[in-house]
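So the structure is just underneath, and the comments pick up after that.
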Amino acid sequence: MIGIGFLICVFGIGIINLLLPSKKISEEENRGLQQKPELSVSAVTSGSYMDQYEKYQADQFMGRNMWRSLKVGFSRLAGSKEENGVFIGKKGQLLEDIAVPDQDVLKANMKAIQSFSQKYSDIPVNMLLVPDAANILSDRLPFTATVADQSQYIAQVKKELGDSVQWIDAVKPLTRHSDEKIYYKTDHHWTSKGAYIAYTAMCESLGLTPSPINEFDVVTVTNSFYGSLSSKVGIKGKKADSIDVYIPKESDFVVNYVNEQRKST
């Protein structure tokens with residue numbers, strides 16, 4: 001009887017999957033979903049049809065978001081603190097693992113920057129590398145979690161580029177404010193506050209005077225933002241982020257939409 005019940009479930013789910021309309025976008029994962037591939041002789045013989053069809057079945061599976069949430073829940077109960085390349089850190093902080101740079105690509109990029117700086121020596125070249133949250137908020141990584149030393153890689157780039165650029169340090173200013181909300185909890189980007197801190201560091205390096213923060217109205221535009229890391233992990237609920245925007249109090253500014261050939265305040 002158990003075997004019969006299992007077969008009924010398997011065939012039942014298969015039939016339901018065939019009958020359900022395909023979804024184009026997953027709001028939870030913030031990505032497009034695989035659509036049913038077109039059947040052709042060339043696609044079958046090359047093997048691409050089956051590969052695409054497997055992805056289609058996985059993306060369009062009945063109750064996919066529920067199964068993803070269950071999987072993450074069971075993994076966390078089992079003690080897992082990492083899911084799909086994302087660490088589930090302390091205080092609800094999600095932290096993307098730091099990628100180790102390919103040395104050949106890194107050297108090629110630095111060579112290109114040096115060549116540009118030498119060719120256009122009359123143009124000042126300034127460089128700021130934005131560190132990942134896992135580097136600045138390392139104290140929020142889960143216990144025993146280890147990541148690459150990104151500060152070392154950034155120092156390597158600074159040393160290799162030498163005098164070809166004016167270096168703008170973002171690591172130290174952000175580290176000094178690591179107890180503030182400078183990175184989103186559910187996304188890999190820095191917040192408006194994090195961007196403001198880097199902006200002040202940039203102005204100081206370039207000999208400019210940054211606008212004081214009290215010259216802006218800080219307006220919260222949403223309290224229900226879930227970013228890309230939340231999509232990767234499949235965790236929602238009480239960990240939503242808020243998004244603040246900084247609006248100048250006494251300055252009129254104009255946005256120039258080049259492609260649309262229009263301007264707007």
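Values of log10 I(q)/I(0) for segment 117-197 across q = 0.10, 0.14, 0.18, 0.26 Å⁻¹ run -0.30, -0.56, -0.82, -1.27, by the Debye formula with one identical scatterer at each alpha carbon and no solvent.
Within the accessible area of segment 104-144, the carbon and sulfur atoms contribute 55%, probe 1.4 Å, all protein chains present. Placing +1 on each Lys and Arg Cβ and -1 on each Asp and Glu Cβ, with no other charges, gives segment 130-265 a dipole about its Cα centre of roughly 500 debye. Charged side chains reduced to their Cβ positions (Lys and Arg at +1, Asp and Glu at -1) give segment 195-241 a dipole of some 500 debye around its Cα centre.
Charges were assigned to the Cβ only: +1 to each Lys and Arg, -1 to each Asp and Glu. The resulting dipole of segment 120-175 about its Cα centre is roughly 160 debye. With a/c under 1.5 counting as rounded, go ahead and sort segment 128-265 into rounded, prolate or oblate using the C-alpha gyration tensor (a ≥ b ≥ c being the square roots of the eigenvalues; past the cut-off, prolate if a/b is larger than b/c, else oblate). Note, shape of segment 128-265 comes out oblate. In the complete set of protein chains, residue-level accessible area for Y120 is approximately 90 Å², probe 1.4 angstrom. On full extension, the segment bounded by K181 and T45 gains 43.7 nm, given 0.36 nm per residue less the C-alpha separation. Kirkwood radius for segment 214-259, taken over all pairs of different Cα atoms as the inverse mean of 1/r, rounds to 13.3 Å. Between amide H atoms placed 1.01 Å from N, distances below 5 Å from Y183 occur with T191, all of them 5 or more places distant or on a separate chain. Solvent-accessible surface of protein heavy atoms, probed at 1.4 angstrom with all chains present, puts L208, L137, L129, L106 in the order L208, L129, L106, L137, largest first. Using the Cβ-Cβ distance between Q152 and I123 with R0 set to 35 Å, the FRET efficiency from 1/(1 + (r/R0)^6) comes to roughly 0.75. With unit charges on the beta carbon (Lys/Arg positive, Asp/Glu negative), name the residue among T222, A240, S264 whose Cα is farthest towards the positive pole of the charge dipole of segment 221-265. Going by the Cα projections, it comes out as A240.
When segment 154-265 is described by a simple charge dipole with +1 on each Lys and Arg Cβ and -1 on each Asp and Glu Cβ, the residue from Y184, L206, I154 located farthest towards its positive end is Y184. Counting only heavy atoms of the protein chains and using a 1.4 Å probe, M202 has close to 70 Å² of accessible surface.
The values are calculated or read from the model by the stated rules, or taken from the named source; none is laboratory data. What you see is a predicted model, and the numbers here were worked out from it, not measured in a lab. Backbone-built Cβ (ideal geometry, glycine too); neighbour counts: all protein chains shown. Side chains included, ligands, DNA and RNA excluded: accessible areas come from the protein's heavy atoms. Shrake-Rupley method; radii C 1.70, N 1.55, O 1.52, S 1.80 Å.
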